[in-house]
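Before any comments, here is the structure.
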Amino acid sequence: MRVAATVLLATLVAGCATSAPAPVTVASPLSAAVVPAALPEARLTLQLDSTKDVQQAVASVGKQILTSDVKFWQIHDGERLVGALQLSTLKSRVEPSRSADRDNILSQILVGPSEQISMSGLPVWTTPTSDSSPRALYVWFGQHEFGVLQLQSRDVDTTRVAQSLITHVVTQSAWEALPPQAYGES
């Protein structure tokens, strides 16, 4: 299953800033500690992936990369890979508080029909699952970062796992939430 590479490469694309280029400053990277090692209620474990393959994929994007830091986890049900989680810190030229920047990122990740849902009061964008496609993709934003969760298994309650994992990440003190009014702009 190439779920890991698909999520990572889909979210490292460029060209998001909607205004003149700003000097590139770097927000503090998220600590890997914002992600739990396991979701016991779902029998899933999460393993930080810091292999050379991940590092090379990030480096291959070049200067146009929108992120200053990318962390990537594999999600396992026993030995079986069932998903991937990516948390990315954005460069200062990208403002998740601007709907145009969020929309640009979302359009590069969520191909096809998508919908905005709420998880613990946080707007989350997702692709609907179906009987023919058990793949679920979730995207959410913070003040300087965004997360992408991909789950693919008929044996995993994707909504319950997404709710649990996203809620855990965004309630950590290192995650800076966007103010609610950021989502109200059109």
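General observations
- So Val139, is it in contact with a Ser or Thr (Cβ under 9 Å, 6 or more places away or on another chain) and among the hydrophobic types (A, V, I, L, M, F, W, C): yes
- Filtered by the rule that a residue be buried (at least 20 other Cβ atoms within 10 Å of the Cβ), free of Cβ contacts under 8 Å to residues at least 40 places away in the same chain and out of contact with any Gly (no Cβ under 7 Å at 6 or more places or on another chain), segment 140-170 gives a lone residue, Thr158.
- Residue match in segment 97-115 (condition: among the charged types (D, E, K, R), part of a strand (DSSP E or B) and closer than 24 Å to Ala57 by Cα): no
- Flag for Leu137 being part of a strand (DSSP E or B) and within 18 Å of Pro40 (Cα to Cα): no
- Single residue of Ser130, Ser118, Ser173 found to be modelled with pLDDT of 90 or more, in a loop (DSSP other than H, G, I, E, B) and surrounded by fewer than 12 Cβ atoms within 10 Å (Cβ to Cβ): Ser173
- Qualifying residue in segment 56-68 (condition: at pLDDT below 90, out of contact with any Cys (no Cβ under 9 Å at 6 or more places or on another chain) and under 21 Å from Glu176 (Cα atoms)): yes
- Lone unmet requirement of (1) closer than 27 Å to Pro179 by Cβ; (2) in a strand (DSSP E or B) for Leu151: (1)
- Arg80 being in contact (Cβ under 8 Å) with a residue 24 or more places away in the chain, surrounded by 16 or more Cβ atoms within 10 Å (Cβ to Cβ) and either over 15 Å from the mean Cα position of the chain (by Cα) or under 21 Å from Ser164 (Cβ atoms) (or both): no
- Checked against (1) surrounded by 17 or more Cβ atoms within 10 Å (Cβ to Cβ); (2) at pLDDT below 95, Ser107 meets all criteria but (1).
- Residue count for segment 29-64, restricted to those that are farther than 16 Å from Val169 by Cα, over 15 Å from the mean Cα position of the chain (by Cα) and not in a helix (DSSP H, G or I): 7
- Selection status of Arg93, at pLDDT below 95, crowded, with 17+ Cβ neighbours inside 10 Å and in a loop (DSSP other than H, G, I, E, B): yes
- Restricting Ser118, Ser99 to residues that are in contact (Cβ under 8 Å) with a residue 12 or more places away in the chain, of a type in the set (S, T, N, Q) and out of contact with any Cys (no Cβ under 9 Å at 6 or more places or on another chain) narrows the list to Ser99.
The values are calculated or read from the model by the stated rules, or taken from the named source; none is laboratory data. If you're wondering where the values come from, they're calculated on a predicted model, not measured in any experiment. Cβ sites come from the backbone with ideal geometry, for glycine too, and all protein chains shown count toward neighbours.
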